[in-house]
Protein chains: 2
Amino acid sequence: MTDTPSLLAAAHRRQGTALPVWFMRQAGRSLPEYRAVREGIAMLDSCRRPDLVTEITLQPVRRHDVDAAIFFSDIMVPLAAAGVDLEIKSGVGPVITEPIRTARQIHELPELDPAAIPDIAEAIRAIRAELPAHKALIGFAGAPFTLASYLVEGGPSRDYARTKALMAGEPMLWDELCARLARISATFLRVQVDAGAQAVQLFDSWAGSLAPYDYATRVQPHSTAVLSRVADVPRIHFGVGTGELLRLMGAAGADVVGVDWRVPLDHATKRIGPDRAVQGNLDPALLSAPWEVVAERARDVIRAGAAAPGHIFNLGHGVPATADPDVLTRLVALVHEEGPALRAEALGH
Amino acid sequence: MTDTPSLLAAAHRRQGTALPVWFMRQAGRSLPEYRAVREGIAMLDSCRRPDLVTEITLQPVRRHDVDAAIFFSDIMVPLAAAGVDLEIKSGVGPVITEPIRTARQIHELPELDPAAIPDIAEAIRAIRAELPAHKALIGFAGAPFTLASYLVEGGPSRDYARTKALMAGEPMLWDELCARLARISATFLRVQVDAGAQAVQLFDSWAGSLAPYDYATRVQPHSTAVLSRVADVPRIHFGVGTGELLRLMGAAGADVVGVDWRVPLDHATKRIGPDRAVQGNLDPALLSAPWEVVAERARDVIRAGAAAPGHIFNLGHGVPATADPDVLTRLVALVHEEGPALRAEALGH
């Protein structure tokens, strides 16, 4: 085992048959040790305590032996740190005290001063100090569209009607909002990379709600602005239900395109092109199926992923809170044990 | 204006430049006259009163001049009529009193006796008697997968984890459940067609949550079983987020594939093939944008739809409850007034 994290090799499309694996939302509610340390501590508070962030980020690495740690945070953390009044309500999600309803609110959206988040850099350094050299630390931020959707809707939404109406009806104002959010996201990622994050993942969780035209004209440019600020590390770009947007999300400046479970990875690669790796994409709902089913479907993912110029094994979305941690541990072992041979076979070696 | 409904011509791929339009969920909460007649009447009760069903089905035809009426019902109606204990909770959706947790519940799932729903046939006949001859009446049913997801989860779901675990872990039992649901759906549609429905739409609303492999192996065969029972009328087949499933949903036995707003109709046609018409696909969230935006995006949909061998204009999903009915009326007028010229231009006539 070399000291170059296998995740970075895959992101650089130089992985050979090695197959790195981690899970979105691996640091979270599916783990009893997470629930124990979070008890009585509000989500946003927990994201600002370097001791807790370090512990929570490392928990799944210790338990599952995944090849990467993802920085424990919330996409709302940089907004809250910038001064936006919001809370994370358990069972609901982010709730914005004063949803954006006026141009003035957009023009007055605060900037994020890196000096306001010394704890983030401190946590990154603490994690790197403990993380084995062959494992990578991935930085984390939400993309402008997804952040904007929360600010405009006031919380989670089914149809993003207000967000889309603003985007379509007031495109200049929309662009002003997203340009500001892009600066906040970029600052948040930049602080993480400067402190030692070796890759980043930009979550545009809800971009899949958009038609390609809207994404290309009013969303992609802002995500590009974020990703261009951290071009010195591999950049993973992910959203749910983004089958029609995969090429655009790659072209936004990603080295790795995250794919949900709806698009087989060989199809995804045809859409994305030969210059980017893929990440994914086992359906997280299948984690509750019998192990032999999980194993067989994971093997299918590995075989399909061999068609891509680089593959990082992951779920197609976050770990469900109800997932059995032992299944995840077993899945990591399968990817490590069977991955190289399955890839070699699929690659025709 | 001939007496052949333009919707049927389009479904048969013989429409020329005429462009029929209707809206999913056009009979519903966006209309004040609907809210007035529904006041104090539970959803499932309203679906079993021929006078109300007739009135509600015809309301949008009168108001908007759409080219088709969609039979007012709920996908749970045939299950309730068969004897499954459930209710439709306002703001929640269907809630199943005893969600399916055992094989025995599946084996004991009742059949739907056509004699149990004389009101459905009566309403269809009453609607046809009032509907102008150049407008079509579309019958309505939910597809086996979507029905199964409600029965297994007990209500609406975010991730369909129990449903997918059953499908993957107990495929024989899953198939038994869906075969039973397919018979119920088919009976419900057959009663409507026998009474005078001139087309049907099978709603597999949540099929888009599935990977193509799961859809092809465990869902499509059951939808095929339903659609084959009403092969004497044009069959529309729709689900949300089904970009990766369009070809399979067409091949299940559809004459028209409904497409949500995520896939431009010219792309959709490439996936579906030259033997089927398409229906869609303006993003319903855009209805709250300024009219000029709605109009321009509707024109884009019309132009893209001309690439298909048949096009029925619709939204990409149901009318939101908050939609302004006047915008819908104006949209119908635009499709009727500008549609033929836009199609002629796009077709190179």
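The values are calculated or read from the model by the stated rules, or taken from the named source; none is laboratory data. All values reported here derive from a predicted model rather than from experimental measurement. All Cβ positions, glycine included, derive from the backbone under ideal geometry; neighbour counts span all protein chains shown. The area values use the complete protein model at the heavy-atom level, side chains included, leaving out ligands, DNA and RNA. Shrake-Rupley method; radii C 1.70, N 1.55, O 1.52, S 1.80 Å.
A few remarks follow.
- Looking only at segment A:331-349, residues that are crowded, with 20+ Cβ neighbours inside 10 Å and either over 12 Å from residue A:22 (Cα atoms) or at pLDDT below 95 (or both) come to 3 in all.
- Test result for residue A:102, within 22 Å of residue A:315 (Cβ to Cβ) and of a type in the set (Val, Ile, Thr): no
- Filter result (over 17 Å from residue B:280 (Cβ atoms) and over 16 Å from the mean Cα position of the chain (by Cα)) within segment B:226-247: B:228, B:229, B:231, B:232
- Of all residues in segment A:195-213, those being of a type outside the set (Gly, Ala, Ser), open to solvent by less than 10 Å² (accessible area, probe 1.4 Å) and either part of a loop (DSSP other than H, G, I, E, B) or within 14 Å of chain B (Cβ to nearest Cβ) (or both) number 2.
- Selection count where residues are aliphatic (A, V, I, L, M) and over 22 Å from the mean Cα position of the chain (by Cα), scope segment B:296-332: 1
- Residue that is of a type in the set (Gly, Ala, Ser) and in contact with a Cys (Cβ under 7 Å, 6 or more places away or on another chain), where the choices are A:73, A:30, A:46: A:73
- If you go through segment B:215-239 and keep only what is within 14 Å of chain A (Cβ to nearest Cβ) and either open to solvent by 10 Å² or more (accessible area, probe 1.4 Å) or β-branched (Val, Ile, Thr) (or both), you end up with B:216, B:217, B:218, B:219.
- Filter result for residue A:189 (in contact (Cβ under 8 Å) with a residue 60 or more places away in the chain and either surrounded by fewer than 23 Cβ atoms within 10 Å (Cβ to Cβ) or closer than 26 Å to residue A:95 by Cα (or both)): no
- Only one of B:216, B:211, B:251 that is within 28 Å of residue B:135 (Cα to Cα) and aliphatic (A, V, I, L, M): B:251
- In segment A:117-146, the residues that are within 28 Å of residue A:106 (Cβ to Cβ) never reach a residue that is at pLDDT below 95 and surrounded by fewer than 17 Cβ atoms within 10 Å (Cβ to Cβ) with C-beta atoms less than 9 angstrom apart, at least six apart or across chains.
- Residues of segment A:168-183 that turn out to be of a type outside the set (Gly, Ala, Ser) and either away from chain B (no Cβ under 14 Å) or closer than 27 Å to residue A:8 by Cβ (or both), as a count: 7
- Checking B:295, B:306, B:285, B:289 one by one, the residue that is over 29 Å from residue A:261 (Cβ atoms) and touching a Lys or Arg at 6+ places or on another chain (Cβ under 6 Å) is B:306 and no other.
- Contacts under 7 angstrom Cβ, first residue in segment B:154-167 being more than 9 Å from chain A (Cβ to nearest Cβ), partner of a type outside the set (Gly, Ala, Ser) and buried (at least 21 other Cβ atoms within 10 Å of the Cβ), 6 or more apart: B:155/B:94
- Members of segment B:260-313 that are among the β-branched types (Val, Ile, Thr) and within 11 Å of another protein chain (Cβ to nearest Cβ): B:263, B:293, B:294, B:301
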